[in-house]
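Colleague: Structure below; questions to follow.
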Amino acid sequence: AQSVTQLDSQVPVFEEAPVELRCNYSSSVSVYLFWYVQYPNQGLQLLLKYLSGSTLVKGINGFEAEFNKSQTSFHLRKPSVHISDTAEYFCAVSNYGGSQGNLIFGKGTKLSVKP
Amino acid sequence: DGGITQSPKYLFRKEGQNVTLSCEQNLNHDAMYWYRQDPGQGLRLIYYSQIVNDFQKGDIAEGYSVSREKKESFPLTVTSAQKNPTAFYLCASSTRGTGTGNTIYFGEGSWLTVV
């Protein structure tokens with residue numbers, strides 16, 4: 001079975017600073033990887049996903065993530081954050097060809113951007 | 001606009017009562033899901049359905065029930081057997097199951113509180 005670990009539960013950062021939110025996964029087979037964002041009291045919205053091909057994936061709102069198979073990681077980065085990026089971010093993984101309900105989420109990282 | 005509508009947004013339940021959360025989508029998606037979100041726990045899958053009149057248990061199905069009589073609708077009933085139902089509930093849908101790498105789209109969520 002696969003699993004996801006988000007290494008930081010909270011990340012405080014100042015506005016315009018760079019940020020990295022870390023995600024490691026465990027799986028014995030090929031995977032699909034996702035990052036979702038959740039603003040307070042709302043549902044989740046897809047930021048980006050990795051299916052295959054280039055290991056650097058660009059998403060919405062200036063975020064990008066890099067798939068590293070050898071380190072089983074999929075860290076999310078943004079070079080310069082804004083106050084509006086304050087939210088909770090979830091990394092998720094599903095197995096290639098796995099059962100149809102097997103998207104596993106990490107426990108989330110709360111990003112707090114301070115002025 | 002296309003999307004997923006959950007209702008009600010806030011619901012209070014007395015001990016021993018069953019309550020039903022509504023989820024409707026007009027995205028023409030085949031697959032639908034219910035997740036439960038608790039603070040610091042990420043999202044956990046309750047039930048999912050890939051097609052009308054068929055559904056499968058997720059990781060935490062005990063104390064919950066669902067039906068899928070129409071493609072657009074996937075209501076969740078929280079029964080009195082669910083001992084700790086206070087949580088944020090998220091409905092989601094996708095064109096096909098998550099084992100194919102498809103993006104799942106979320107509703108705005110419903111807060112259930114036991115009083």
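The values are calculated or read from the model by the stated rules, or taken from the named source; none is laboratory data. Source: prediction; values computed, not measured. Glycine also receives a Cβ, built like all others from the backbone with ideal geometry; neighbour counts cover every protein chain displayed.
Colleague: Among the candidates A:L56, A:L111, A:L103, A:L33, single out the residue that is surrounded by 20 or more Cβ atoms within 10 Å (Cβ to Cβ), at pLDDT 95 or above and aliphatic (A, V, I, L, M).
Modeller: Values: A:L56 fails: surrounded by 20 or more Cβ atoms within 10 Å (Cβ to Cβ); A:L103 fails: at pLDDT 95 or above; A:L33 fails: at pLDDT 95 or above.
Checking each option against the conditions leaves just A:L111.
Colleague: Filter segment B:26-48 down to the residues that are more than 9 Å from chain A (Cβ to nearest Cβ) and buried (at least 19 other Cβ atoms within 10 Å of the Cβ) and list them by number.
Modeller: Scanning segment B:26-48 gives B:H29, B:M32, B:W34, B:R36, B:I46.
Colleague: What are the residue pairs meeting all of these: first residue in segment B:104-115, first residue facing chain A (nearest Cβ under 7 Å), second residue surrounded by 20 or more Cβ atoms within 10 Å (Cβ to Cβ) and hydroxyl-bearing (S, T, Y), Cβ atoms under 7 Å, and 6 or more apart or on different chains?
Modeller: Close Cβ pairs satisfying both conditions: B:I104/B:Y33; B:I104/B:S93; B:I104/B:S94; B:I104/B:T98; B:G109/B:Y89.
Colleague: Quick test for you: out of A:S73, A:S9, pick the one residue that is modelled with pLDDT of 90 or more, more than 22 Å from B:G58 (Cα to Cα) and at the interface with another protein chain (Cβ under 8 Å from one of its Cβ atoms). If you could, list the steps in order and put the result at the bottom.
Modeller: On the way: A:S73 fails: at the interface with another protein chain (Cβ under 8 Å from one of its Cβ atoms).
Going through A:S73, A:S9 in turn, the sole match is A:S9.
Conditions tested, residue by residue: (1) over 13 Å from the mean Cα position of the chain (by Cα); (2) surrounded by fewer than 22 Cβ atoms within 10 Å (Cβ to Cβ).
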| site | (1), (2) |
| --- | --- |
| B:K70 | yes, yes |
| B:S73 | no, yes |
| B:S93 | no, no |
| B:T100 | yes, yes |
| B:T103 | yes, yes |
| B:F106 | no, no |
| B:L112 | no, yes |
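Colleague: Just checking, how many residues over segment A:56-97 are of a type in the set (D, E, K, R), farther than 13 Å from A:Y36 by Cα and not in a strand (DSSP E or B)?
Modeller: 1
Colleague: Could you check chain B for strands (runs of 3 or more DSSP E) lying wholly inside it with 2 or more residues that are in contact with a His (Cβ under 8 Å, 6 or more places away or on another chain)?
Modeller: Working: elements: B:4-7, B:10-13, B:19-25, B:31-38, B:42-51, B:54-57, B:64-66, B:76-78, B:87-94, B:110-114.
Passing ranges, in order: B:87-94.
Colleague: If you scan segment B:9-25, which residues turn out to be polar (S, T, N, Q) and surrounded by 19 or more Cβ atoms within 10 Å (Cβ to Cβ)?
Modeller: Initially, segment B:9-25 is screened for residues polar (S, T, N, Q), giving B:17-18, B:20, B:22, B:25.
Listed by number, the list holds a single entry, B:Q25.
Colleague: Could you go through segment B:75-87 and let me know if any residue there is more than 14 Å from chain A (Cβ to nearest Cβ), closer than 29 Å to A:L7 by Cβ, over 11 Å from the mean Cα position of the chain (by Cα) and of a type in the set (S, T, Y).
Modeller: So the first thing to find is which residues in segment B:75-87 are more than 14 Å from chain A (Cβ to nearest Cβ), and the list is B:75-86.
So of that shortlist, the ones also closer than 29 Å to A:L7 by Cβ come out as B:84, B:86.
After this cut, where a residue has to be over 11 Å from the mean Cα position of the chain (by Cα) as well, the list is B:84, B:86.
Subset that is of a type in the set (S, T, Y): B:86.
Yes, that holds for at least one residue.
Colleague: Can you pull out the residues in segment A:22-58 that are aliphatic (A, V, I, L, M) and within 14 Å of chain B (Cβ to nearest Cβ)? Explain how you work it out, then say what you get.
Modeller: Taking segment A:22-58 first, the residues aliphatic (A, V, I, L, M) are A:29, A:31, A:33, A:37, A:44, A:46-48, A:51, A:56-57.
A:V29, A:V31, A:L33, A:V37, A:L44, A:L46, A:L47, A:L48, A:L51, A:V57, listed by residue number.
Colleague: Would you mention how many residues in segment A:18-38 are in a loop (DSSP other than H, G, I, E, B) and within 19 Å of A:D8 (Cβ to Cβ)? Show your work before the answer.
Modeller: Restricting attention to segment A:18-38, the residues satisfying the condition of being in a loop (DSSP other than H, G, I, E, B) are A:18, A:22, A:27-30.
When the remaining residues are screened for being within 19 Å of A:D8 (Cβ to Cβ), the result is A:18, A:22.
Adding up the residues that qualify gives 2.
Colleague: Would you mention how many residues in segment B:40-79 are in contact with a Leu (Cβ under 7 Å, 6 or more places away or on another chain), without any contact (Cβ under 8 Å) to a residue 24 or more places away in the chain and closer than 19 Å to B:V114 by Cβ?
Modeller: 0
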